[in-house]
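**Q** To start, I am sharing the structure in question, which I have written as structure tokens.
The values are calculated or read from the model by the stated rules, or taken from the named source; none is laboratory data. In this text the structure is predicted, and so the values were computed from the model without any measurement. FYI the Cβ positions are ideal-geometry reconstructions off the backbone, even for glycines, and counts take in every protein chain you see.
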Amino acid sequence: MTATITEQEILGWLREDNLQRLEELWARADRLRAERVGPAVHLRGLAEVSNHCARKCGYCGISACNPAVARYRMSADEVAACAHEAVRYGYGTLVMQSGEDYGLTADWVAEVVARVKAETPLAVTLSLGERKPEEFARWRAAGADRYLMRFETSDPELYAIIHPRLDGTPGLPSDRLNLLKELRALGYEIGSGVMVGIPGQCYESLAHDLALFSTLDLDMIGIGPYIPHPETPLGRGELALLPEGEQVPNTELMCYKAVALTRLACPEANIPSTTALAALYREQGRELGLMRGANVVMPNLTPPRYRALYEIYPHKACFHETAEAFNATLQVRIAALGREIGTGQGGRRHVEAEEPISTNMFDT
Ligand code: 5AD
């Protein structure tokens with residue numbers, strides 16, 4: 001997939017704060033989205049299947065470091081019920097997400113994937129953390145279609161600071177880029193992404209993240225603001241911000257820039273307007289993401305009694321919404337944007353050969 005923008009240009013736009021100039025960026029991203037992936041907004045139903053986690057990521061509210069979290073695992077029947085609910089609402093995909101929970105055995109996951117594939121026409125996306133290549137292969141054989149694993153930041157030093165190795169868990173260095181390659185080789189569509197505004201993240205590093213999306217030829221890219229969680233080391237301010245002018249702010253505006261630039265870097269990728277973005281601007285965050293490059297929404301189907309326990313960051317937009325109510329308003333909101341709800345599984349389109357982009361897309 002050919003990027004329509006260079007890393008240098010990305011950096012220039014990330015530093016651009018003139019709202020009038022930014023209108024150009026929004027328009028360019030929206031135009032490229034329309035040309036390359038069309039008007040469809042694909043809906044992926046999200047089931048947060050377990051909030052157990054072995055990792056100690058410094059930003060995440062459900063990390064192993066947080067003793068205050070009551071832990072749960074959904075049953076296979078509960079996951080299947082989410083899948084059937086997704087079908088009822090016309091969604092094309094079930095996303096099974098969890099903390100890195102070795103209590104979710106390879107067998108259990110394989111059985112649930114096979115069951116969802118047998119009982120529904122859905123694509124299945126897994127987002128279960130860094131697991132063994134054999135496990136990825138097993139789940140792929142059971143029918144899983146896609147795997148999401150954000151690399152969070154491409155700066156190795158910052159990555160290491162916010163992802164400390166587990167005490168007493170030998171042999172678990174984190175190597176997400178390599179795992180993404182393994183997943184691709186197994187035939188998964190692969191997704192990754194980053195948080196915007198992590199303390200210590202500079203503009204050059206975020207520009208490099210976005211350029212890397214294109215190098216990795218990602219099929220799916222999720223981007224959201226870093227949101228401090230008070231029960232985490234980062235949320236307690238244990239990591240210093242860079243001086244003003246160097247630190248990427250975790251603002252709504254910066255996230256829209258990152259989403260729009262991601263569309264320019266990866267014209268055919270599926271890009272969600274994320275829940276974290278909606279958390280920053282509840283009224284319109286999702287819409288603005290969709291108008292500035294995104295083409296996917298991931299409605300939450302986790303049963304209400306578990307939702308508040310999957311608090312990776314505070315004030316998740318979905319805490320107060322039932323799946324049914326959200327679904328009803330979503331249809332109207334998407335239509336109001338002049339867009340339509342995607343049909344089918346909504347996998348990645350490869351349209352480059354058929355529809356070459358005009359050269360004026362390279363103008364900035
Ligand atoms: N703020 C924003 N996003 C977060 N995530 C985890 N913790 C936070 C936080 N405090 C994101 C990570 C992870 C995804 C599932 O949620 O990017 O990959």
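**Q** Among the residues of the range 198-226, which ones are within 17 Å of the chain's Cα centre (by Cα), farther than 14 Å from Ile162 by Cβ and hydrophobic (A, V, I, L, M, F, W, C)?
**A** Those that are within 17 Å of the chain's Cα centre (by Cα), farther than 14 Å from Ile162 by Cβ and hydrophobic (A, V, I, L, M, F, W, C): Leu206, Leu210, Ala211, Leu212, Phe213, Leu216, Leu218, Met220, Ile221, Ile223.
**Q** Conditions: (1) of a type outside the set (A, V, I, L, M); (2) without any contact (Cβ under 8 Å) to a residue 24 or more places away in the chain; (3) in contact with a helix residue (DSSP H, G or I) (Cβ under 7 Å, 6 or more places away or on another chain). Tyr89 meets all but one. Number of the miss?
**A** (2)
**Q** Let me ask another. In the range 105-153, which residues are in contact with a strand residue (DSSP E or B) (Cβ under 8 Å, 6 or more places away or on another chain) and in a loop (DSSP other than H, G, I, E, B)?
**A** Hits for the range 105-153 are Thr120, Leu122, Leu128, Gly129, Gly143, Ala144, Asp145, Met149, Arg150, Phe151, Thr153.
**Q** Which one of these is of a type outside the set (Phe, Trp, Tyr), at pLDDT 95 or above and either on the phi < 0 side of the Ramachandran plot or out of contact with any helix residue (DSSP H, G or I) (no Cβ under 8 Å at 6 or more places or on another chain) (or both): Glu244, Glu238, Glu204? Before the answer, list the steps.
**A** Numbers: Glu244 fails: at pLDDT 95 or above; Glu238 fails: at pLDDT 95 or above.
Exactly one residue qualifies, and that residue is Glu204.
**Q** What is the number of the single condition among (1) assigned to a loop (DSSP other than H, G, I, E, B); (2) more than 11 Å from the ligand (Cβ to nearest atom); (3) within 19 Å of Ile312 (Cβ to Cβ); (4) among the hydrophobic types (A, V, I, L, M, F, W, C) that Leu218 does not meet?
**A** Condition not satisfied by Leu218: (3).
**Q** Return the total of residues in the range 228-253 being among the aliphatic types (A, V, I, L, M) and crowded, with 18+ Cβ neighbours inside 10 Å.
**A** Counting residues in the range 228-253 that are among the aliphatic types (A, V, I, L, M) and crowded, with 18+ Cβ neighbours inside 10 Å gives 2.
**Q** Additional query: Go through the range 130-163 and give me each residue that's under 13 Å from Val95 (Cα atoms) and within 12 Å of the ligand (Cβ to nearest atom).
**A** Leu148, Met149
**Q** Return a yes/no flag: does the range 288-307 have any residue that is among the hydrophobic types (A, V, I, L, M, F, W, C), surrounded by fewer than 19 Cβ atoms within 10 Å (Cβ to Cβ) and either farther than 28 Å from Arg31 by Cβ or in contact with a strand residue (DSSP E or B) (Cβ under 6 Å, 6 or more places away or on another chain) (or both).
**A** Of all residues in the range 288-307, those among the hydrophobic types (A, V, I, L, M, F, W, C) come to 288, 290-291, 294, 296-298, 301.
Restricting the remaining residues to those that are surrounded by fewer than 19 Cβ atoms within 10 Å (Cβ to Cβ) gives none.
Checked against the condition, which is being among the hydrophobic types (A, V, I, L, M, F, W, C), surrounded by fewer than 19 Cβ atoms within 10 Å (Cβ to Cβ) and either farther than 28 Å from Arg31 by Cβ or in contact with a strand residue (DSSP E or B) (Cβ under 6 Å, 6 or more places away or on another chain) (or both), the range 288-307 yields no hits at all.
**Q** Inside the range 235-280, can you point out the residues that are away from the ligand (no atom under 16 Å from the Cβ) and among the charged types (D, E, K, R)?
**A** Residues satisfying the conditions are Glu244, Glu246, Lys257, Arg263, Glu268.
**Q** Here's a follow-up. Output the residues belonging to the range 1-54 that are of a type in the set (S, T, N, Q) and loosely packed, with under 14 Cβ neighbours inside 10 Å.
**A** Narrowing the range 1-54 to residues of a type in the set (S, T, N, Q): 2, 4, 6, 8, 18, 20, 50-51.
Selection gives Thr2, Gln8, Asn18, Gln20.
**Q** In the set Leu242, Leu253, which member is over 30 Å from Gly344 (Cα atoms), assigned to a loop (DSSP other than H, G, I, E, B) and among the aliphatic types (A, V, I, L, M)? So that I can check it myself, show each step before the final result.
**A** Numbers: Leu253 fails: assigned to a loop (DSSP other than H, G, I, E, B).
Of Leu242, Leu253, the one residue that is over 30 Å from Gly344 (Cα atoms), assigned to a loop (DSSP other than H, G, I, E, B) and among the aliphatic types (A, V, I, L, M) is Leu242.
**Q** Tell me whether the range 26-42 contains one or more residues that are in contact with a Ser or Thr (Cβ under 8 Å, 6 or more places away or on another chain), within 15 Å of Val259 (Cα to Cα) and part of a helix (DSSP H, G or I). Steps first, please.
**A** If we filter the range 26-42 for residues that are in contact with a Ser or Thr (Cβ under 8 Å, 6 or more places away or on another chain), which is where we start, we get 32, 40, 42.
In the following step, the residues that additionally are within 15 Å of Val259 (Cα to Cα) were identified as 32.
If we keep only those that are part of a helix (DSSP H, G or I) as well, we get 32.
Yes, the range 26-42 has at least one match.
**Q** Scanning the range 221-234 for residues that are within 18 Å of Gln97 (Cβ to Cβ) and not in a loop (DSSP other than H, G, I, E, B), which turns out farthest from the ligand (Cβ to nearest atom)?
**A** So the residue we want is Ile221.
**Q** So, one more: State yes or no: is Gly103 over 28 Å from Leu158 (Cβ atoms) and either surrounded by fewer than 18 Cβ atoms within 10 Å (Cβ to Cβ) or of a type in the set (A, V, I, L, M, F, W, C) (or both)? Talk me through it step by step, then tell me what you get.
**A** Numbers: over 28 Å from Leu158 (Cβ atoms): yes; either surrounded by fewer than 18 Cβ atoms within 10 Å (Cβ to Cβ) or of a type in the set (A, V, I, L, M, F, W, C) (or both): yes.
Here the answer is yes, as Gly103 does meet what is asked.
**Q** Suppose we keep only residues that are among the charged types (D, E, K, R) and assigned to a helix (DSSP H, G or I) within the range 263-293. Which one would you say is farthest from the chain's Cα centre (by Cα)?
**A** Step one: filter the range 263-293 for residues among the charged types (D, E, K, R), giving 263, 268, 282-283, 286-287, 292.
Pick out the ones that are also assigned to a helix (DSSP H, G or I) and you get 263, 286-287.
Numbers: Arg263: 14, Arg286: 13, Glu287: 16 Å.
Among those residues, the one meeting the criterion is Glu287.
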